[in-house]
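Here is the structure we will look at.
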Amino acid sequence: MPARSTHRRWGFALATGLALWLAGAAAGSAGAETWYAQRFTSGDTPVRVDQLWSKGPRLRSETVIAGRPILTLVAGERYFIVDRLAGTGIAIRRSPAALKADARRGRPFANEVDELLRAGAEKVGRQSLGDRDCDLYRYTGPAGRQEACVSPDAARLPIQVERWVRASGQRALVRYLDWSRGFPVPDGFFEPDPRWQIESIDYDDYRKRSRKEPVGPAPPFFSSLLHGSPDS
């Protein structure tokens, strides 16, 4: 792909999209595993509410930033960031490390406890949050302290994640609500609308440009799905 970014429309026929929806409804929860959760972030950061869906490695996230509805789609080789109000956005080619991680990753979001365990976190006990019991994991490092309270079953669904940044003294609290699993979601739900104006960007080009100026309507909220994690 040339270094200069090019504009292109993603030509997905409406009839095909409709067919995908109908096929998904008929197929039920067969095939790739599906997940949904609502994520609420507060603390010393701006309050943000995210709606999260996934099907296998595919991700869809919807949130509102300063009145702008920001949509994140991760589908195959592309990481989309779209301002739905303007109907514009970017499609970044994902790094080889991020693509490689798809094969061994479960759901593509809410994997904080796995990241903490890789960093050296330890299970420090069990606590109750509302009517939910959860296992508490903690990691303390040079940058600060992180805790994740997750369901005590094999899924280890995060219920609450808390972060303290040593340098700034700031705290962020992330809560996951309304977990759902195993419901029908068509593949087309994770694809861009053909009416949007999408700028296609190569991964290396995006990295160079983003060091100098903001690129796209919002930053990548799921950086490991774009760049890969340190152990990818």
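The values are calculated or read from the model by the stated rules, or taken from the named source; none is laboratory data. Computed from a prediction, not measured in an experiment: that's the story for all the values here. Because the Cβ atoms are built from the backbone with ideal geometry, glycine has one as well, and the counts that use them run over all protein chains shown.
With respect to the conditions (1) loosely packed, with under 14 Cβ neighbours inside 10 Å; (2) under 30 Å from GLU77 (Cα atoms); (3) of a type in the set (A, V, I, L, M, F, W, C), ALA218 falls short on a single one, namely (1).
Does VAL82 satisfy being more than 23 Å from SER42 (Cβ to Cβ) and among the aliphatic types (A, V, I, L, M)? Before you say what the answer is, go through the steps one by one.
Numbers: more than 23 Å from SER42 (Cβ to Cβ): yes; among the aliphatic types (A, V, I, L, M): yes.
The answer is yes for VAL82.
In the stretch 175-208, what residues are acidic (Asp, Glu) and either part of a strand (DSSP E or B) or over 17 Å from the mean Cα position of the chain (by Cα) (or both)? Lay out the reasoning, then the answer.
Residues of the stretch 175-208 acidic (Asp, Glu): 178, 187, 191, 193, 199, 202, 204-205.
Result: ASP178, ASP193, GLU199, ASP202, ASP204, ASP205.
Could you check, for the stretch 207-217, whether at least one of its residues is touching a helix residue (DSSP H, G or I) at 6+ places or on another chain (Cβ under 6 Å), within 24 Å of TRP35 (Cα to Cα) and modelled with pLDDT of 95 or more?
Initially, the stretch 207-217 is screened for residues touching a helix residue (DSSP H, G or I) at 6+ places or on another chain (Cβ under 6 Å), giving 215.
Within this subset, residues satisfying the condition of being within 24 Å of TRP35 (Cα to Cα) are none.
The answer is no, given that none of the residues of the stretch 207-217 is touching a helix residue (DSSP H, G or I) at 6+ places or on another chain (Cβ under 6 Å), within 24 Å of TRP35 (Cα to Cα) and modelled with pLDDT of 95 or more.
As a summary of the residue check, TYR137 satisfies the conditions (1) at pLDDT 95 or above; (2) on the phi > 0 side of the Ramachandran plot except for the one numbered (2). Annotation for the stretch 115-133: no member residue is under 13 Å from the mean Cα position of the chain (by Cα) and within 14 Å of PHE222 (Cβ to Cβ).
Taking first residues from the stretch 92-113 that are of a type in the set (Val, Ile, Thr) and partners that are in a loop (DSSP other than H, G, I, E, B) and at pLDDT below 95, the Cβ contacts under 6 Å between residues at least 6 apart in sequence or on separate chains come to VAL113/ARG156. Entry remark, the stretch 112-167: residues being buried (at least 17 other Cβ atoms within 10 Å of the Cβ) and of a type in the set (S, T, N, Q) number 3 in total.
Scanning the stretch 11-20 turns up no residue that is modelled with pLDDT under 95, surrounded by 20 or more Cβ atoms within 10 Å (Cβ to Cβ), aliphatic (A, V, I, L, M) and in a helix (DSSP H, G or I).
Restricting attention to the stretch 115-163, and to residues there that are among the aliphatic types (A, V, I, L, M) and touching a residue at least 40 places away in the same chain (Cβ under 8 Å), which single residue is nearest to VAL49 (Cα to Cα)?
Looking only at the stretch 115-163, we keep the residues that are among the aliphatic types (A, V, I, L, M), and these are 116-117, 119, 121, 124, 129, 136, 143, 148, 150, 154-155, 157, 159, 161.
Those left that are additionally touching a residue at least 40 places away in the same chain (Cβ under 8 Å): 157, 161.
On the way: LEU157: 18, VAL161: 14 Å.
The qualifying residue nearest to VAL49 (Cα to Cα) is VAL161.
For SER229, the conditions (1) in a loop (DSSP other than H, G, I, E, B); (2) over 16 Å from the mean Cα position of the chain (by Cα); (3) modelled with pLDDT under 95 are fulfilled apart from (2).
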